[in-house]
Structures are given as structure tokens and as C-alpha cells.
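For reference, the structure discussed in these notes is given below.
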Amino acid sequence: MNPDTIFGKIVAGEVPADKVYETDNVLAFRDLQPQAPVHVLVIPKKPYQTAAELAAAEPALIGELIAAAHEVATAAGIAETGYRLVVNTGKDANQTVDHLHVHVIGGRAMSWPPG
Ligand code: DGP
């Protein structure tokens, strides 16, 4: 757990965010630096640092995050055209905020593999 991140402050309401989806356990808001027409971050409200940490503590919540990501994609109109879920984990993957976040990215064609 890492409660001292910018995303913890967004959950606490101390920093504003453009929220698009919220439940008791999950929050989704638009990324400040969008990489595609749709770019939303889906986070657990509890400040788990990684997906592995969350999976070990609350495995059902992983399912809630993925379901929330699909809700976000559906609401944004990209569920049919396709979208990418990305979880950057650790330094080499460029995780810059140590509060687990699932990127929901879509609205344009994307290449593979990522750089
Ligand atoms: P990552 O590299 O996977 O850790 O991505 C972190 C993302 O978080 C990055 O795309 C920019 C976004 N971000 C950082 N700070 C803020 C913020 O204060 N508000 C919002 N909405 N997004 C942020």
C-alpha cells in the first residue's frame, strides 16, 4: 500500500479529476496526458501499489477493475472498435505513480509491440 500518491489525493478529493465512473471500490478518471482520443485510468480506491499486491489481498477486486474498465470503454463507445488495457508495473515499465492504475486506451488504431 502506498497512500502518499497523487491518485490517493484524487480518491480523497484533495486533487480534482475528471471522473467518468465510480463505485464503492473503484474510481475512473481521464488521464492528464492522454495518448489517444480515449485515455482513462481505472484505480482501486485503496492504495495498492501493484496488481500483484491487490491480487494477493483482494482477488475479487481485480475482477471489479476489469469490469469497470469495460464499462468505461462501453460508455466511451470503443468497446466494439477495440481498446487496450495497460498496467505499467515498476521502473522498466515506466510506472510513474505508485498506486495501481489500469490505462483504458482507445479511439484510434494502435501498433504492437509497444516501444
Ligand atoms: P504510468 O506511467 O503508467 O504510471 O501512468 C501514470 C499516468 O497518470 C500518466 O499517463 C499521467 C497520469 N497522471 C499523472 N498525474 C495525474 C493527475 O494528477 N491527474 C490525472 N488525471 N492523471 C495524472
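The values are calculated or read from the model by the stated rules, or taken from the named source; none is laboratory data. Because the structure is a prediction, the values reported are computed rather than measured. With ideal geometry, Cβ positions are generated from the backbone for all residues, glycine too; neighbour counts draw on all protein chains shown.
Odds and ends about this structure:
- Members of region 7-29 found to be touching a Lys or Arg at 6+ places or on another chain (Cβ under 8 Å) and within 19 Å of Thr96 (Cα to Cα), listed by number: Val11, Val15, Ala17, Leu27, Ala28, Phe29
- If you go through region 6-48 and keep only what is free of Cβ contacts under 8 Å to residues at least 40 places away in the same chain, charged (D, E, K, R) and over 20 Å from Gly77 (Cα atoms), you end up with Lys9, Glu14, Asp24, Lys45.
- Selection count, region 64-114, where residues are within 13 Å of the chain's Cα centre (by Cα) and part of a helix (DSSP H, G or I): 10
- Filtered residues of region 53-66 (kept if in contact (Cβ under 8 Å) with a residue 12 or more places away in the chain and among the hydrophobic types (A, V, I, L, M, F, W, C)): Leu54, Leu61, Leu65, Ile66
- Taken over region 19-44, residues that are near the ligand (Cβ under 7 Å from one of its atoms) and of a type in the set (D, E, K, R) amount to 2.
Table: residues versus (1) at pLDDT below 95; (2) crowded, with 18+ Cβ neighbours inside 10 Å.
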site	(1), (2)
Met1	yes, no
Val15	no, no
Thr23	no, no
Val26	no, yes
Tyr48	no, yes
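- Considering residues of region 1-17 that are within 7 Å of the ligand (Cβ to nearest atom) and in contact with a strand residue (DSSP E or B) (Cβ under 7 Å, 6 or more places away or on another chain) only, the residue nearest to Val40 (Cα to Cα): Ala17
- Just one of the listed residues (Glu71, Glu80) is charged (D, E, K, R) and surrounded by 12 or more Cβ atoms within 10 Å (Cβ to Cβ), namely Glu71.
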